[in-house]
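Data first, discussion second: the structure below is written as structure tokens.
Read-outs: derived from the displayed coordinates by stated rules, not from any lab. Please read these numbers as outputs of a predicted model, since none were measured by experiment. Please note: Cβ atoms are built from the backbone with ideal geometry, for glycine as well, and neighbour counts cover all protein chains shown.
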Amino acid sequence: MATMIGQRVRRVEDPRFLTGRGQYVDDIALEGALHVTFIRSPWAHARINGVESSAIAEIPGAQVFTAGDTDLAVSPPPPFIPIDERMFRPILASEKVRFAGDIVAAVIAPTREASVDASELVEVDYEPLPHVTDMLKAREDEVLLFEGVGTNVALRHPPEQPDPNLFDGCEVVSSGRVISQRLAACPIEPRATAAHFEDGRVTVWLSTQTPHQDKMVLGLLLGMEPDQVRVIAPDVGGGFGGKGLDVEDVIVAWLARHTGTPVRWTETRSEHLVAMHHGRAQTIDFQIGGGRDGEVQALRLDILQDAGAYPGLGAFLPNLTALMGSGVYRIPKIECDVVAVATNTTPTGPVRGAGRPEASQVLERAIDTFAAECGLDPAEVRRRNFIPPDAFPYTTVTGATYDVGNYGAALERALEHAGYEELRAEQERRRRDCTRRQLGIGLSTYVEITNGVNETEYGGVEITAGGEALVRTGSFSQGQGHETTFAQIVSERLGLPIERIKVLKGDTDAVPRGTGTYGSKSTQIGGSAAAQASVDLVERAKELAAAELEASAEDMVFDVEAAKFHVTGAPAPALGWEELAARLDDGGQLEELKIEVDFTASQPTFPFGAHVAVVYVDTETGHVDLERLIAVDDAGTIINPLVAEGQVHGGVAAGIAQALFEEIAYDEEGNPASANLVNYCMPAATELPAFELVEMETPTPINELGAKGIGESGTIGATPAVHGAVIDALAHLGVRNIDMPCNGERVWRAIQEASDGR
Ligand code: MCN
């Protein structure tokens, strides 16, 4: 084997991105394209009594389309989510709007400016209705979003066999609430779509994570056959779980077909913050019980998911929270009650971690609360409850079968690197001296599920006439670096340098099938498919080389270092890929050097890790300084540590952002209160410390690469560590909880409330 795996290869895509040569949807030239502006409801809940658009006649070429002008119906959630069809989202709202941002009409005009001007001349007659944006209130069903359904509850999974005596025998039972606040994915590139209809076929350029799935769904919604739809995802400036086919894209494609003219739309940041689905938005009540010695015996989670105005994927995600409810701990009894409700807010869906960060957020809070009540060190309580390394594969009572793990080792590495004992001693000193800046130490030990749905992924490898390798993958990279890491995987097996390996993705005409990217599954299934295709290609090439060299196939070997085929024990004559390809091309046989694989793993994988956060909290102002963040993230065998570290950096930044900064909020009227980046406090590098990453690799037996996912781990680990650290800094003052984001104002209020209560 060559040694490309584990190399810190610089990302081959970066020169393109860093020098402005990336090609995003908005860069695609489309002669004569019409521009779309969506008319969105300013009301959280209202009846539409009429749309008056005659005034747009003054804008040349402007046209307005409401629901009645199209044959577009509803956008249903994926079929595995059993939602009442009366709750499905109309692609264009016709009778009612159910959130500020719901689309009432689409305006097209020859320029973007003209379409915005025209949209401002359209008058929509709204009759405001009572609204509900709070998930707890929505559950009471006083204000209904869908009167015909009679309840806002979209999905409910109560415990199968509820145990009224769940906590019997527990010496200590603690409880609390974690609000995993609503977040935005906020990629640098907002959503963008362009469409062109020609010769009975629609081509759609989409900023997405899932081109092949989008092609299928778009075909269904437009009533077109799959081969009449082509989706091209060019460079994508981040997705963070948020990007995939949305109603806006369907409207753009419909308009292109209807007008016979190319149509395009690129959203603004404010539009993005109200209109693209949001993530998290869970309220979880926990009860945890066990022995005074710190052994956890029972856990109950009541998970309430805010599904937003039109329940879809967001309503399903709390099931993943429940699935991961045992975390890294051996807990004999767990009960989860899952409820998803509709509210007059932007629909929710996956955002980096999608249901799993919420599990680690509540579980780590529960463990900390339980440890405090037992009077034990939180690290010690974790140690006492870890699933031991010899227990794998391990099936939790919530139904997840973990492949492999060494949770104790991850924690010890993190604690050692942090200097845990010294930090605790320093904390003690500061508490004794009543120092203004108090020190907080937060721990999080987590396990996460990647490739959770366990799908099949396509990978094809072929050799071109010039002797280069062309890799086609059904995975998609919205910034994760697949052009580099997938090339490394293939290089390892074909012996070609990565400069001679091209990774092709994102065009449904060029890649026959695929599932795209989410759930940190690309490397383990897309990478494995490419790996398998490479191995099979070498075997095929051995036979072809044998024929060329007039030797028997059994005698052929492939020297991967030299990337040459020759007879065992006789290095000459030999054929490299280039010579072999040239000969086969001459003989019209080049097609033979092509292998396609559809790879399915036996099950998902479960990366894990331990994070330690160190904060200083100013007890007079509530200001929080995150001083250090130590992260051990074990994703099995690492293909490219440079890329993987980048993934952890991004993930940790997002995790810290939830703990300290970001929140999508609504005011009393149901207006979005964080519709720009002034109010939605996304941190920049200046708000974050230099992260301290500690290596750990426990290969998974689930795939030949030994790789698990890394794309979301940092997020899942960091939030509870930082959240816990802020609370820990103030625990001696009587603070027991602070809702996220723990910004200065909230922290200051918690300090005041604790001191009032003393
Ligand atoms: N990798 C590796 N060794 C491993 C695992 C991964 O070297 N053992 C590398 C991979 O080859 C890949 C990257 O790390 O280049 C992430 O791989 P993986 O964990 O397999 O996850 P995916 O490629 O499927 O990425 C999806 C994941 C998710 S779900 C979100 S959301 C996310 C993320 O990754 N969104 C991102 N990372 C992002 N990074 C960027 N820049 N932009 C986004 O939108």
So which of Lys96/Lys215; Lys215/Lys708; Lys564/Lys594; Lys243/Lys708; Lys594/Lys708 end up more than 25 Å apart by C-alpha? Lys96/Lys215; Lys215/Lys708; Lys594/Lys708
Around Ala574, which amide H atoms from residues at least 5 apart in sequence, or from another chain, sit under 5 Å from its own amide H, with H modelled in the peptide plane? none
Here the FRET efficiency for Thr456 versus Arg201, based on Cβ atoms and R0 = 30 Å and rounded to 0.05, is 0.70
DSSP beta bridge pairing in the chain, given as percent antiparallel to the nearest 5: 80 percent
Want the number for Glu692 to Glu95: 0.36 nm per residue separation, take away the alpha-carbon distance, what's left? 209.6 nm
Karplus ³J(HN,Hα) for segment 225-230 (6.51 cos²θ - 1.76 cosθ + 1.60, θ = phi - 60°; Hz, whole; x = Gly/Pro) runs 6, x, 6, 8, 10, 10
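Let a ≥ b ≥ c be the square roots of the eigenvalues of the Cα gyration tensor of the chain; is it rounded (a/c under 1.5), or, if not, prolate (a/b larger than b/c) or oblate?
In terms of gyration-tensor shape, oblate.
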How would you order 65-72, 209-216 from highest to lowest mean count of nearby Cβ atoms within 10 Å? 209-216, 65-72
Rg (one decimal) and Dmax (whole number) from the Cα set of segment 201-265, in Å, equal 11.1, 33
Please turn the phi angles of segment 54-70 into ³J(HN,Hα) values with the Karplus equation 6.51 cos²θ - 1.76 cosθ + 1.60 (θ = phi - 60°), one per residue in order, whole Hz, x for glycine and proline. 4, 5, 6, 4, 6, 9, x, x, 7, 9, 10, 10, 9, 3, x, 8, 10
Give me the net charge for the shell around Asn451: Cβ to Cβ below 13 angstrom, other residues only, Lys and Arg +1, Asp and Glu -1. -2
Rank-order 360-372, 219-231, 639-651 by packing density, defined as the average count of other C-beta atoms within 10 Å over each peptide's residues, highest first. 360-372, 639-651, 219-231
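Starting from the Cα-Cα distance between Asp227 and Gln23, subtract it from 0.36 nm times their residue separation and give me the gain in nm to one decimal. Can you show the working numbers first?
On the way: separation 204, 0.36 × 204 = 73.44 nm, distance 2.48 nm.
Full extension of this stretch gives 71.0 nm more.
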Within 10 Å of each residue's Cβ, count the other Cβ atoms and sort Arg736, Arg472 from fewest upward. Arg736, Arg472
With r defined as the distance between the Cβ atoms of Glu120 and Asn679 and R0 fixed at 22 Å, what FRET efficiency is calculated, to the nearest 0.05? 0.40
